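Colleague: The structure's right below; bear with me while I get my questions together.
The values are calculated or read from the model by the stated rules, or taken from the named source; none is laboratory data. These numbers were taken from a predicted model, which means no experiment stands behind them. A quick note on method: Cβ atoms are made from the backbone with ideal geometry, for glycine too, and the neighbour counts reach across all protein chains shown.
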Amino acid sequence: MKDFETTRLLLRHIVESDAEDIFEYGKELNVGPNAGWKPHESIEETRKIMSEVFIGQENIFGIVLKETNKMIGSIGLIPDHRRTNPHALMLGYAMSEHHWGKGLMTEAARAIIERGFQELPVDIITCTCYSINPRSRRVIQKCGFQYEGCLRQCEERFDGVILDMEFYSLLRK
């Protein structure tokens, strides 16, 4: 997918010069743990994660606030490793806690979902969240995902805490 805009956001591919912005939200105490990863401890760690996860990925975007031209999060469609369906992708996202509660992630997610179904050979988009993350659950619900169920004691987080995982999906309309 190509870079694109929503009302308040620019969704663009992540490049190496985005390291400072990604480190800034990646080190926030509530961002990573809600998604299962530990807060970033250094800019070097952020650069390593960027090269492994973000750089060169066709369907992963930085979320840039048009008003400030600052990257405040990331979002993308990646293979769903829990499904063998080649036409299934999973929505993943993270955003600076300073921008939670403003509808920005819902705006970005709806745009990615729409573009994904329009431009990619995908029949189902999935999304998961920990049961302890009501904000993410609300984004998922606002985007129209259907609840599939909860796998109790599904995943061990980086800090050894075992968490329940909720599963959702959205079919091509």
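Colleague: What residue, of Ile124, Ile63, Ile72, Ile113, is of a type in the set (A, V, I, L, M, F, W, C), in contact (Cβ under 8 Å) with a residue 24 or more places away in the chain and surrounded by fewer than 19 Cβ atoms within 10 Å (Cβ to Cβ)?
Modeller: Residue meeting the stated conditions: Ile124.
Colleague: Mind checking whether some residue in the stretch 21-36 is in contact with a Lys or Arg (Cβ under 6 Å, 6 or more places away or on another chain), not charged (D, E, K, R) and not in a loop (DSSP other than H, G, I, E, B)?
Modeller: For the stretch 21-36, residues in contact with a Lys or Arg (Cβ under 6 Å, 6 or more places away or on another chain), not charged (D, E, K, R) and not in a loop (DSSP other than H, G, I, E, B): present.
Colleague: Moving to a separate point now. Do we find that Gly56 is touching a strand residue (DSSP E or B) at 6+ places or on another chain (Cβ under 8 Å) and of a type outside the set (Val, Ile, Thr) in this structure?
Modeller: No: the conditions fail for Gly56.
Colleague: Another question about this same structure. Quick check on Ser51: is it surrounded by fewer than 17 Cβ atoms within 10 Å (Cβ to Cβ) and small (Gly, Ala, Ser)?
Modeller: Yes: the conditions hold for Ser51.
Colleague: With respect to Gly36, is the statement that it is under 12 Å from the mean Cα position of the chain (by Cα), more than 25 Å from Gln153 (Cα to Cα) and surrounded by 13 or more Cβ atoms within 10 Å (Cβ to Cβ) true?
Modeller: The answer is no for Gly36.
Colleague: Additional query: Which residue, of Leu89, Leu77, is crowded, with 17+ Cβ neighbours inside 10 Å, touching a strand residue (DSSP E or B) at 6+ places or on another chain (Cβ under 6 Å) and under 25 Å from His40 (Cβ atoms)?
Modeller: Unique residue meeting the criteria: Leu77.
Colleague: To continue, here is another question. Among the residues of the stretch 151-160, write down those that are surrounded by 12 or more Cβ atoms within 10 Å (Cβ to Cβ) and out of contact with any Pro (no Cβ under 8 Å at 6 or more places or on another chain).
Modeller: Within the stretch 151-160, Leu151, Cys154, Glu155 qualify.
Colleague: So which of Ser51, Ser42 is out of contact with any helix residue (DSSP H, G or I) (no Cβ under 6 Å at 6 or more places or on another chain), of a type in the set (Ser, Thr, Tyr) and over 26 Å from Gly116 (Cα atoms)?
Modeller: Answer to the check: Ser42.
Colleague: Considering each residue of the stretch 156-173, count those that are under 18 Å from the mean Cα position of the chain (by Cα) and modelled with pLDDT under 95, and give that number.
Modeller: The qualifying residues number 2.
Colleague: Identify, from the list Glu24, Glu28, Glu107, Glu16, the residue that is in contact with a Leu (Cβ under 9 Å, 6 or more places away or on another chain) and surrounded by fewer than 21 Cβ atoms within 10 Å (Cβ to Cβ).
Modeller: Glu107
Colleague: Looking only at strands (runs of 3 or more DSSP E) that lie completely in the stretch 72-173, which have at least 2 residues being of a type in the set (Phe, Trp, Tyr)?
Modeller: Because the criterion is at least 2 residues that are of a type in the set (Phe, Trp, Tyr), the strands (runs of 3 or more DSSP E) in the stretch 72-173 that meet it are 162-171.
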